[in-house]
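First comes the structure, then the notes that go with it.
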Amino acid sequence: MRIFEYLDACRMDEITMLQAEILKTLASPRRLEIIHRLAQGPCEVRRLAEDLGVSQPNISQHLSVLRAAGLVDAERDGREVRYRLSDPYVVVACWVMRSVLQRRLTRLGRLSTIDTTHADLVETQ
């Protein structure tokens, strides 16, 4: 095998690279809140800011990042700009990850209960 063939075989595919970029974008708790709010329907910056208790400039910055990543779309409605999810499956992916984490926490909770039980047994010996 030539060195170039080996290097090509080791490269990640384009979808994996894109997925990593999207996950970096979603690594912000505030952006996740925005995604979950937009799952309820399109919304203006002012309304998002009120609903999430955050300043409009802060919401606008996060929306800009989400828009650049292709996760949200914007459409002008008079003076207002209304944002919506570009694909409803974005929130499905977030809900799947949330479900995975909830199951993990449940398992860890059970483990901590088991560990506590074992700790009592160790102390009595």
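Stokes-Einstein diffusion for the stretch 1-87, with the hydrodynamic radius set to the Kirkwood value over Cα pairs and evaluated at 10 °C in a medium of 1.306 mPa s, equals 109 µm²/s.
Electrostatic bookkeeping for G70 treats Lys and Arg as +1 and Asp and Glu as -1; over the other residues with beta carbon under 11 Å from its beta carbon, the sum is -2. The residues neighbouring D87, those whose beta-carbon lies less than 14 Å from its own, together hold a net charge of +1 under the Lys/Arg +1, Asp/Glu -1 convention.
Working note: Karplus 6.51/-1.76/1.60 with θ = phi - 60° gives the stretch 90-102 the couplings 4, 6, 4, 4, 5, 5, 4, 4, 4, 5, 4, 5, 5 Hz, where Gly and Pro are set to x.
Loop-resident trypsin sites (Lys or Arg not before Pro) (DSSP state other than H, G, I, E or B) in the stretch 29-107 with no more than 10 further Cβ atoms inside 10 Å of their Cβ: R79. Taking the Cβ of L48 as the centre, find all other residues whose Cβ is under 15 Å away and add up their charges (Lys, Arg: +1; Asp, Glu: -1). After counting each charged neighbour, the total is 0.
FYI, it's all coordinate maths here, none of it is from the lab. In this text the structure is predicted, and so the values were computed from the model without any measurement. Reconstructed Cβ throughout: ideal geometry from the backbone, glycine too, with neighbour counts over all protein chains shown.
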